[in-house]
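Colleague: Sending over a structure as structure tokens; questions will come in a sec.
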Amino acid sequence: MPASRDIEQGRDAPALFVLRFVLTNETPRPAETTARPEKCDRKGNRDRMAQDTSMEEFEALLNESFEMDTPDEGTVVKGKVIAVEAGQAIIDVGYKMEGRVDLKEFANPGEAPEIAVGDEVEVYLRSAENARGEAVISREMARREEAWDRLEKAYADDQRVEGAIFGRVKGGFTVDLGGAVAFLPGSQVDVRPVRDAGPLMGLKQPFQILKMDRRRGNIVVSRRAILEESRAEQRAEVIANLTEGQTVDGVVKNITEYGAFVDLGGVDGLLHVTDMAWRRVNHPSEILSIGETVKVQVIKINKETHRISLGMKQLQEDPWDLVGAKFPLGSVHKGRVTNITDYGAFVELEPGVEGLVHVSEMSWTKKNVHPGKIVSTSQEVDVMVLEIDQAKRRVSLGLKQTMRNPWEVFAETHPEGTEVEGEVKNITEFGLFIGLDGDIDGMVHLSDLSWDERGEDAIQSYKKGDIVQAVVSEVDVEKERISLSIKALGGDKFAEAVGGVKRGSIITVNVTAIEDGGIEVEYEGMKSFIRRSDLSRDRGEQRPDRFSVGDKVDVRVTNVDSKTRRLGLSIKAREIAEEKEAVQQYGSSDSGASLGDILGAALKGDND
């Protein structure tokens with residue numbers, strides 16, 4: 001019989017109940033085989049009739065139980081709370097089945113459970129009977145199934161759902177959506193990063209479902225989408241009532257490096273740092289604080305992006321309107337250094353008016369140094385107004401112009417020929433640089449190092465740090481150049497020696513050395529060399545060995561070279577000049593007189 005197999009396998013609880021009921025009734029005893037057989041037959045017939053009746057009733061009840069629509073495992077069923085004990089609710093789900101559910105499954109996150117005897121609830125039937133003969137049920141799973149059905153419909157209709165944030169996980173938060181748990185990414189919590197999510201915990205609020213997958217049990221929601229939608233509506237309404245140039249009151253909501261966001265009553269406007277004041281503002285926190293109420297002007301409204309630009313300085317008088325009158329060209333003013341860059345320093349002349357001192361206008365002498373080594377931030381300095389560009393709102397200032405040009409001062413205090421002393425600052429291939437008074441340098445060219453040595457040789461005897469003396473030979477103020485000479489310290493011996501000597505002069509020299517190519521002679525301490533071919537007019541007399549060291553010889557000056565500091569001398573030229581002079585004085589080449597006669601007459605005239 002099929003019903004009996006189901007009962008044996010324990011798959012039908014109502015049938016099992018009926019079977020238990022029947023088995024608890026009295027069963028007929030076996031018929032007696034002795035004494036009064038006739039009476040026994042009648043009683044046996046009655047027992048058999050009663051037994052047949054009981055079996056028929058049992059079969060009817062059993063068939064009726066099979067016809068009852070019992071719930072399937074894995075479905076949601078309705079039940080009634082019949083008792084609450086030991087932290088559990090005992091629920092009758094019908095069909096003579098009872099189960100237990102922990103009270104915490106009836107509570108929302110952060111709330112106490114609300115359940116009482118007599119309440120009707122829906123539970124999830126996991127199993128019809130456990131080892132204790134009770135149904136295994138779950139309120140939480142029932143809520144989850146119910147929630148998924150509801151959320152899928154809301155997701156399909158693009159509707160908002162209500163939930164509460166109850167936990168923090170990696171990358172975001174967990175949200176209870178009335179039985180289903182969703183993930184809220186950190187970037188979707190608010191329109192701006194949230195540092196403290198504590199006030200949002202356990203608070204029921206709307207969310208937008210971004211993505212859901214029932215098979216995997218994944219739901220992703222967004223709170224930011226709700227806020228942006230409501231903010232967009234609010235912004236549109238507020239912006240519609242604003243006009244450019246309007247003055248409004250606002251509350252400083254946030255401060256950043258580049259400005260501050262001001263709440264204008266539901267919509268934020270950006271107050272850029274450059275529009276806070278006419279003066280330079282390094283950081284908005286210098287003049288603003290969060291929560292402060294400020295008066296601002298609406299500078300620009302972008303209807304498409306709903307962005308609003310605000311300004312505070314526009315409500316103040318523009319100091320640039322009077323710059324030309326207050327700071328005429330060439331005037332000197334005291335200012336404060338506000339900022340230093342690679343190309344110069346900005347100096348505030350008054351609040352809202354700044355000028356630039358270019359690096360080239362900072363020092364007369366420090367040409368290739370960073371402005372930070374000349375001035376420092378917040379330092380008060382004297383500057384001169386060099387140029388004003390009203391249209392571009394620029395003022396060019398000069399720092400060095402407030403001090404005298406050190407080259408002018410040097411030229412006044414050190415005229416040419418003045419002896420100076422200084423330290424060798426640098427040595428180059430063309431000379432020495434000497435440090436002078438006023439933090440300026442003078443240069444000694446190679447040609448001005450020594451009278452006797454080549455410049456390339458003379459410079460080898462100097463090194464950095466040496467203290468040397470020199471003579472000022474030239475000062476060029478415009479080119480900022482000072483020429484010095486070391487060799488001029490003792491005067492120009494060559495010029496002194498040959499001061500009265502000129503080309504064609506006859507001078508007497510001393511022989512100092514005999515060489516194969518000629519002789520070396522000296523005149524007033526200045527040495528010269530007479531080549532062999534210049535020793536005599538006669539070729540036979542052009543022998544250096546006919547002279548001795550110490551001899552005095554008359555020579556003719558053929559050249560005076562101040563650059564090489566050499567005298568060109570020749571005995572031959574002297575003899576030719578003397579012969580020519582004698583011929584002119586005592587005869588001519590046409591008179592027939594011999595050279596000997598002419599010279600003899602000239603000598604005789606000299607003796608007389």
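Colleague: State yes or no: is G172 modelled with pLDDT of 85 or more, surrounded by 15 or more Cβ atoms within 10 Å (Cβ to Cβ), among the small types (G, A, S) and in contact with a helix residue (DSSP H, G or I) (Cβ under 9 Å, 6 or more places away or on another chain)?
Modeller: It is true that G172 is modelled with pLDDT of 85 or more, surrounded by 15 or more Cβ atoms within 10 Å (Cβ to Cβ), among the small types (G, A, S) and in contact with a helix residue (DSSP H, G or I) (Cβ under 9 Å, 6 or more places away or on another chain).
Colleague: With the requirement that a residue be open to solvent by less than 30 Å² (accessible area, probe 1.4 Å), in a strand (DSSP E or B) and in contact with a helix residue (DSSP H, G or I) (Cβ under 6 Å, 6 or more places away or on another chain), what does the range 347-383 give you?
Modeller: V353
Colleague: Here is a list: D249, D321, D263, D342. Which entry is without any contact (Cβ under 8 Å) to a residue 24 or more places away in the chain and open to solvent by 80 Å² or more (accessible area, probe 1.4 Å)?
Modeller: D321
Colleague: Still on this structure, I have one more. Name every residue in the range 419-443 that is surrounded by fewer than 13 Cβ atoms within 10 Å (Cβ to Cβ) and either of a type in the set (S, T, N, Q) or touching a residue at least 40 places away in the same chain (Cβ under 8 Å) (or both), in order of residue number.
Modeller: Of everything in the range 419-443, those that are surrounded by fewer than 13 Cβ atoms within 10 Å (Cβ to Cβ) and either of a type in the set (S, T, N, Q) or touching a residue at least 40 places away in the same chain (Cβ under 8 Å) (or both) turn out to be E419, E421, N426, T428, D439.
Colleague: Any idea which of S533, S473 is in a helix (DSSP H, G or I), at pLDDT 85 or above and of a type in the set (S, T, Y)?
Modeller: Only one candidate qualifies: S533.
Colleague: Kindly indicate whether A277 is on the phi < 0 side of the Ramachandran plot, in a strand (DSSP E or B) and of a type in the set (G, A, S).
Modeller: The answer is no for A277.
Colleague: Another question about this same structure. Is one or more of the residues making up the range 114-136 within 20 Å of Q208 (Cα to Cα), of a type outside the set (S, T, N, Q), open to solvent by 60 Å² or more (accessible area, probe 1.4 Å) and modelled with pLDDT under 85?
Modeller: Checking the range 114-136: not a single residue is within 20 Å of Q208 (Cα to Cα), of a type outside the set (S, T, N, Q), open to solvent by 60 Å² or more (accessible area, probe 1.4 Å) and modelled with pLDDT under 85.
Colleague: Going by the structure shown, is L184 touching a strand residue (DSSP E or B) at 6+ places or on another chain (Cβ under 9 Å), part of a helix (DSSP H, G or I) and open to solvent by less than 70 Å² (accessible area, probe 1.4 Å)?
Modeller: no
Colleague: I would also like to ask the following. Residue by residue through the range 394-418, note down the ones that are more than 14 Å from I482 (Cβ to Cβ) and open to solvent by 90 Å² or more (accessible area, probe 1.4 Å).
Modeller: Listed by number, the residues that qualify are R394, M403, R404.
Colleague: How many residues, within the range 384-427, are under 14 Å from K334 (Cα atoms), outside any strand (DSSP E or B) and of a type outside the set (A, V, I, L, M)?
Modeller: 3
Colleague: I'm trying to understand the selection: among the residues of the range 208-231, which are among the basic types (K, R) and not in a strand (DSSP E or B)?
Modeller: If the condition is that a residue be among the basic types (K, R) and not in a strand (DSSP E or B), then R214, R215, R216, R223, R224, R231 are the ones that fit.
Colleague: May I pose another question? Using the structure shown, decide if E304 is farther than 30 Å from R336 by Cα, touching a residue at least 40 places away in the same chain (Cβ under 8 Å) and not in a helix (DSSP H, G or I).
Modeller: No; evaluated as a whole, the condition is false for this residue.
Colleague: Collect the residues in the range 149-168 that are closer than 14 Å to G198 by Cα and among the β-branched types (V, I, T), keeping them in residue-number order.
Modeller: Scanning the range 149-168 gives a single hit, I165.
Colleague: Also, quick follow-up: When you go through Q234, Q205 one by one, which is the residue that is outside any loop (DSSP other than H, G, I, E, B), in contact with a Gly (Cβ under 9 Å, 6 or more places away or on another chain), over 30 Å from E354 (Cα atoms) and open to solvent by 80 Å² or more (accessible area, probe 1.4 Å)?
Modeller: Just a single option satisfies the conditions, and that option is Q234.
The values are calculated or read from the model by the stated rules, or taken from the named source; none is laboratory data. Remember, predicted model here, so these are calculated numbers, not experimental data. For neighbour counting, all protein chains shown are included, and Cβ atoms are generated from backbone atoms with ideal geometry for every residue, glycine included. Ligands, DNA and RNA are stripped out before the accessible areas are found, and what is left, the full protein with its side chains, is counted by its heavy atoms. Shrake-Rupley method; radii C 1.70, N 1.55, O 1.52, S 1.80 Å.
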